[in-house]
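Worksheet for the structure shown next.
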Amino acid sequence: MIVMKFGGTSVESAAAIRRVASIVKARLERQPVVVVSAMGKTTNKLLAMATDAVEGRKEQALEQLRALRDFHIAEAAPLVASSETPEFEVLIHEHFQELGELLSGLAVLGELTPRSVDAISSYGERLSSRIVALAFRALGIDALHADSRRLIVTDKRHTQAAPLYPQTYARLSAEIAPPARAGKVVVMGGFISGSEDGVTTTLGRGGSDFTAAIVGAGVSAEEIQIWTDVDGMMTADPNSVPEARPLKVISFAEAAELAYFGAKVLHPATVLPAVEKNIPVLILNSRRPEAPGTRIISEAQPCKNPVKSIACKRRITVVNIHSTRMLMAHGFLRRIFEVFDRYETPVDMIATSEVSVSATIDNTRRLAEIRTELEQFSSVSVESDRAIISLVGGNIRYTAGIGARVFAALRPVNVLMISQGGSQWNLSLVVDEADLPQAVRLLHEEFFHELDPAVFA
Ligand code: ADP
Ligand code: ASP
Ligand code: MG
């Protein structure tokens, strides 16, 4: 059994869904379970409508909803068999009617809770998964739809829910594995899930990759395939570095680090369930299915290049905390991290000296409260519009002179913070966001002008 996950661009149109069907058809003997994202940019559009509705622009929200409905009908209707057209029409009618009611409700309430965000954003995958199942059947695949909101059981941390693994794995192995073994192709929505009492939750933006990994672990798949719009994990985001090259192979630890530090090609949590069950993950291009893609494996492979890839995270805020009162006193770091913890704000990178600490965060929702508390024992300054650049590679720690190469390459750029250690796979730098494109280009030239053919394609 394999799990095949197709991202938003891979199901963005009738033509794209036909390509997906032919990719799946060519792999039927491997008993695929299919996980799909919302079509194209649907999730962003749903969230924009919700914001419009609560901020008093209800008409605009409903206008956008009609456009989204027209888009789904235009792309999906040609894919549905005439015998199933009535079912398709009911599906569209019911889902968009409910969405209209939800948006009107939000407009009255004027408040967007995390629970409502999940309710609204779930419609993208609810629609796409049913549409893809209908399209598969019309194209001769024996497909079956399954509702991820019942199968992926989570806690109630809306917009960032965590799976309850025992319940989820029990349902997946009872309800997904048997039909897959019997030759049916089960199609599920990624990203969406449900609490034990049946309230819709989601796994966080980009969470369909995570769904694929959970399903893979739950059905003990032999492989998880993440089908996207690029040739695999690359030496940098090809959208910002056109010279970026694909990697043939990368380790789980390196892939996790890259995902966490901004390589959007994979959701950060994805690899965890796969690592635990030692299931290989492949990243493949649905527009070029013949390309070999990237294989994510448990052990790093020897490689002449110390750096495997460069990731970046934009819109980072640096919080500088300084306290002369804490000179020679203990407990300074504990007090600082307790504050971030109390306001559920993850810290990505830190740099410390005896009496000052700089910490980077990307979620500034609770920053005002954090600042007020920190100011009870220190002076605080905040810098916004920063970016983190992470050089990732299992050999970084064994290679002398990396720091010298980084700083030589970045001569024209002001480096504001650095950190190496932690995972040992990663050397991270903070720069002004305005310097990011130049900095990434310079580092890419420095570390990838020669490539080890065993690792890079
Ligand atoms: P999907 O909709 O298939 O989940 P995403 O947009 O989430 O696709 O992820 C694919 C995108 O990730 C690519 O189009 C690319 O711009 C971006 N990306 C960022 N860093 C990397 C990288 N190191 N390698 C490949 N793609 C990357
Ligand atoms: N549709 C969701 C998102 O855009 C999940 C995903 O595509 O992975 O975040
Ligand atoms: Mg994605």
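Some points to look at:
- Sequence-distant residues sharing a close amide H with Ala457 (under 5 Å, placed H): Leu247, Lys248
- Between Asn239 and Thr317, the modelled labels are 2.4 nm apart [label points 7 Å from Cα along Cα→Cβ].
- Each residue of region 149-165 was assigned a 3J(HN,Hα) from its phi angle through the Karplus expression (A = 6.51, B = -1.76, C = 1.60, θ = phi - 60°), giving 5, 9, 7, 9, 8, 10, 6, 9, 7, 4, 6, 7, 5, 10, x, 8, 4 Hz with x at Gly and Pro.
- Cα gyration tensor shape of region 69-158, rounded if a/c is under 1.5, else prolate or oblate by comparing a/b with b/c: oblate
- Averaged over residues, the count of other Cβ atoms within 10 Å places the peptides 245-257, 443-455 in the sequence 245-257, 443-455, highest first.
- Summary of the geometry: region 432-457 and region 337-377, compared by the centres of their Cα atoms, lie 31 Å apart.
- What the phi angles of region 200-205 give under the Karplus curve with 6.51, -1.76 and 1.60, with θ = phi - 60°, is a coupling list of 5, 10, 9, 8, x, 4 Hz, glycine and proline written as x.
- Looking at region 1-92, the pairs of alpha carbons with a distance over 19 Å make up 53% of the total.
- Net charge dipole size for region 208-281 [Lys, Arg +1 and Asp, Glu -1 on Cβ; Debye, nearest 20]: 60
- Convex hull volume of region 326-404 per residue (C-alpha atoms, cubic angstrom): 143
- Student exercise, the chain dipole from Lys, Arg, Asp, Glu Cβ charges, in Debye to nearest 20: 640
- Divide the volume of the convex hull around the Cα atoms of the chain by the residue count and you get 157 Å³ per residue.
- Across the chain, Cα pairs under 8 Å and at least six residues apart give a relative contact order of 14 percent.
- Residues whose amide H falls under 5 Å from that of Val186, counting only those 5 or more places apart or on a different chain, are Val34, Leu144, with hydrogens built in the peptide plane.
- Dipole of the chain, positive direction: furthest Cα of Gly206, Cys312, Val392, with charges on the beta-carbon: Val392
- Counting neighbouring Cβ atoms within 10 Å and putting the fewest first, the residues Arg149, Arg314 line up as Arg314, Arg149.
- Restricted to Cα atoms, region 321-457 shows a radius of gyration and a Dmax of 17.5, 55 angstrom.
- Over 31 Å between alpha carbons, listed pairs Lys45/Lys156; Lys25/Lys313; Lys184/Lys308; Lys5/Lys58; Lys156/Lys313: Lys25/Lys313; Lys184/Lys308; Lys5/Lys58
- Region 243-342: relative contact order in percent, alpha carbon pairs under 8 Å with at least 6 residues between: 31
- Put in line by how crowded their Cβ is, counting other Cβ atoms within 10 Å and starting with the fewest, His158, His330, His95, His72 read His330, His95, His158, His72.
- Between Glu299 and Arg205, the simple label model (points 7 Å from Cα in the Cβ direction) yields a spacing of 3.8 nm.
- Backbone HN-Hα couplings from phi across region 253-260 [Karplus 6.51/-1.76/1.60, Hz, Gly and Pro as x]: 5, 5, 5, 5, 4, 5, 5, 5
- Å³ per residue enclosed by the Cα convex hull of region 221-329: 169
- Translational diffusion of region 260-383, µm² s⁻¹ [Kirkwood Rh, Cα pairs; Stokes-Einstein; 20 °C; 1.002 mPa s]: 120
- Distance from the alpha carbon centroid of region 121-163 to that of region 1-49 works out to 11 angstrom.
- Mean Cβ neighbour count within 10 Å, used as a protection proxy, ranking 212-219, 357-364, 57-64 highest first: 212-219, 357-364, 57-64
- Gyration tensor (alpha-carbon) shape descriptor, region 52-201, a/c threshold 1.5: oblate
- Its residue count N sets the reference 2.2 N^0.38 Å, and the alpha-carbon radius of gyration of region 148-204 equals 1.13 times that reference.
- Residue-span extension gain [Glu369 to Ala48] - 0.36 nm each, minus C-alpha spacing: 112.9 nm
- Here, P(r) means the percent of Cα pairs in each 10 Å bin from 0 to the largest distance; for region 213-262 it is 21, 48, 26, 5.
Each value in this text was obtained by applying a stated rule to the coordinates, not by laboratory testing. Only a predicted model underlies this, so the values are computations on that prediction, with no experimental measurement involved. All Cβ positions, glycine included, derive from the backbone under ideal geometry; neighbour counts span all protein chains shown.
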